[in-house]
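Q: This is the structure I have questions about; it appears just below.
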Amino acid sequence: MMAWTASSPVLQVEHLDFHFPTHSVFQGCRQPFGAGVTWLRGAHGGGKTTLPKLAGGAPLPAREI
(Lines give C-alpha, C1' and ligand atoms only; values in the text may rest on other atoms or scores of the structure.)
Protein backbone atom coordinates (compact mmCIF):
# COMPACT_ATOMS: atom_id res chain seq x y z
CA MET A 1 0.00 0.00 0.00
CA MET A 2 1.25 3.47 -0.91
CA ALA A 3 1.78 6.02 1.87
CA TRP A 4 -0.45 9.08 1.63
CA THR A 5 1.16 12.47 1.08
CA ALA A 6 -0.35 15.91 0.51
CA SER A 7 0.16 15.45 -3.24
CA SER A 8 -1.36 11.93 -3.36
CA PRO A 9 -4.74 11.66 -5.07
CA VAL A 10 -7.70 11.08 -2.78
CA LEU A 11 -9.44 9.21 -5.60
CA GLN A 12 -7.73 7.53 -8.53
CA VAL A 13 -9.84 6.44 -11.51
CA GLU A 14 -8.08 4.04 -13.87
CA HIS A 15 -9.21 2.11 -16.93
CA LEU A 16 -12.84 3.22 -16.61
CA ASP A 17 -15.10 2.13 -19.44
CA PHE A 18 -18.82 2.92 -19.35
CA HIS A 19 -21.33 2.91 -22.16
CA PHE A 20 -25.01 3.76 -22.41
CA PRO A 21 -27.04 1.99 -25.10
CA THR A 22 -26.90 5.11 -27.29
CA HIS A 23 -23.31 6.26 -26.73
CA SER A 24 -20.02 5.72 -24.90
CA VAL A 25 -19.35 7.95 -21.92
CA PHE A 26 -15.91 6.77 -20.77
CA GLN A 27 -13.32 4.77 -22.68
CA GLY A 28 -10.11 4.01 -20.81
CA CYS A 29 -10.60 7.02 -18.53
CA ARG A 30 -7.72 7.67 -16.13
CA GLN A 31 -7.94 10.63 -13.77
CA PRO A 32 -6.57 11.39 -10.30
CA PHE A 33 -8.63 13.63 -8.00
CA GLY A 34 -6.93 15.52 -5.19
CA ALA A 35 -8.32 16.78 -1.91
CA GLY A 36 -10.67 19.75 -2.06
CA VAL A 37 -13.34 20.80 -4.49
CA THR A 38 -13.46 19.30 -7.99
CA TRP A 39 -15.62 20.94 -10.64
CA LEU A 40 -16.90 18.67 -13.40
CA ARG A 41 -18.12 20.44 -16.50
CA GLY A 42 -18.89 19.30 -19.99
CA ALA A 43 -21.53 18.71 -22.59
CA HIS A 44 -24.96 17.26 -21.88
CA GLY A 45 -24.55 13.49 -21.67
CA GLY A 46 -20.81 13.71 -21.09
CA GLY A 47 -20.75 11.76 -17.81
CA LYS A 48 -20.61 14.54 -15.20
CA THR A 49 -23.19 12.82 -13.00
CA THR A 50 -22.24 9.28 -13.98
CA LEU A 51 -18.60 9.58 -12.88
CA PRO A 52 -19.26 10.27 -9.17
CA LYS A 53 -22.03 7.65 -9.16
CA LEU A 54 -19.64 5.02 -10.51
CA ALA A 55 -16.84 6.12 -8.15
CA GLY A 56 -19.21 5.92 -5.16
CA GLY A 57 -20.56 2.53 -6.12
CA ALA A 58 -24.12 3.70 -6.68
CA PRO A 59 -26.14 1.33 -8.86
CA LEU A 60 -27.16 2.74 -12.22
CA PRO A 61 -30.41 1.74 -13.92
CA ALA A 62 -30.14 -1.31 -16.17
CA ARG A 63 -32.14 0.52 -18.84
CA GLU A 64 -33.47 3.99 -19.53
CA ILE A 65 -36.92 4.80 -18.19
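The values are calculated or read from the model by the stated rules, or taken from the named source; none is laboratory data. Since the model is a prediction, treat every value here as computed from it, not as a measurement. A quick note on method: Cβ atoms are made from the backbone with ideal geometry, for glycine too, and the neighbour counts reach across all protein chains shown. Remember, those area values only see protein heavy atoms, side chains included, never the ligands or the DNA or RNA. Shrake-Rupley method; radii C 1.70, N 1.55, O 1.52, S 1.80 Å.
Q: When both residues are 6+ apart or on different chains and their Cβ atoms are under 6 Å apart, which pairs have a first residue that lies in the range 27-40 and is without any contact (Cβ under 8 Å) to a residue 12 or more places away in the chain and open to solvent by 60 Å² or more (accessible area, probe 1.4 Å), and a second that is acidic (Asp, Glu) and not in a loop (DSSP other than H, G, I, E, B)?
A: GLN27/ASP17
Q: Return the pair list, or none, for Cβ contacts closer than 8 Å from residues in the range 46-65 that are closer than 23 Å to VAL10 by Cα and aliphatic (A, V, I, L, M) to residues that are at pLDDT 90 or above and exposed (fewer than 13 other Cβ atoms within 10 Å of the Cβ), at least 6 apart or on different chains.
A: LEU51/LEU40
Q: GLU64 passes all but one of (1) part of a loop (DSSP other than H, G, I, E, B); (2) open to solvent by 70 Å² or more (accessible area, probe 1.4 Å); (3) modelled with pLDDT of 90 or more; which number fails?
A: So the condition that GLU64 fails would be (3).
Q: Would you point out the residue of the range 1-38, among those that are part of a strand (DSSP E or B) and of a type in the set (Gly, Ala, Ser), that is modelled with the highest pLDDT?
A: Step by step, filter the range 1-38, then rank; the result is GLY28.
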